[in-house]
Amino acid sequence: MPTKRDPNKPRGRMTGYAYFVQTCREEHKRKHPNEQVVFAEFSRKCAKRWKALPMSAKEKQTFIDMAEKDRLRYEKEMKEYAIAGGETKKKKKKKDPNAPKRPQSAFFLFCADRRALLKGENPGWTVGEIAKALGKKWAVATPETKKKYADQGEIEKSKYVKEMAKYRAQQESSNHGDAKRQKIEKPAASSSASSSESESEPESD
């Protein structure tokens, strides 16, 4: 279920291009008030016009200046929002360490088999360079090789589906048990509180 947006949170900042599109839309509406705009086509035309404007162009710079002004506005409002106790970052959902691991794709299984060898042959390579080389090797791999890893991927996927079904069943059982315990504990706590109150209540004359 999507989280409800805080109405007090500052509006996101706009880019120079976003201001340009907004201006184009207003301009088009003035010239053609009754024409229905096809958004995808209109966006393509705006992008083409924006690219055609050189960075030194006065018109383009106007929108860039507007974006910079909006950036300063956004940063100022976000600071004030944070001081007031607003959340500035989305909370990440805590991952359950007991949850089954997602299955790897054929490509990732292929990389796992060849990464150590490639790293040993090229000790000076960065992670990015190794990833790029593995991508090239996968691109030229034979259909038989790709099928081998695709089959492994299907086995992992099938195993994951079974493990997830078992994991979810355990979670539901655990949640049901917790809810049941809470129902039992609440009346007991209420009864205990009532008993305590009656014991401490002063006797009437």
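The values are calculated or read from the model by the stated rules, or taken from the named source; none is laboratory data. None of the values given here were measured: they were computed from a predicted structure. Heads up, the Cβs are rebuilt from the backbone with ideal geometry, glycines too, and the neighbour counts pull from every protein chain shown.
For the reader, a short list of remarks on this structure follows.
- Complete set of residues in the range 28-42 that are assigned to a helix (DSSP H, G or I) and exposed (fewer than 14 other Cβ atoms within 10 Å of the Cβ): Lys29, Arg30, Lys31, Phe39, Ala40, Glu41
- The condition (being of a type in the set (Ser, Thr, Tyr) and modelled with pLDDT under 85) is satisfied by just one residue among Thr15, Thr23, Thr3: Thr3.
- Filter pass, Gly85 being without any contact (Cβ under 8 Å) to a residue 12 or more places away in the chain, within 25 Å of the chain's Cα centre (by Cα) and part of a loop (DSSP other than H, G, I, E, B): yes
- Search result, residues across the range 7-27 that are assigned to a loop (DSSP other than H, G, I, E, B) and surrounded by 12 or more Cβ atoms within 10 Å (Cβ to Cβ): Lys9, Pro10, Arg13, Met14, Thr15
- The set of residues in the range 130-167 being of a type in the set (Phe, Trp, Tyr) and touching a residue at least 60 places away in the same chain (Cβ under 8 Å) consists of Tyr160, Tyr167.
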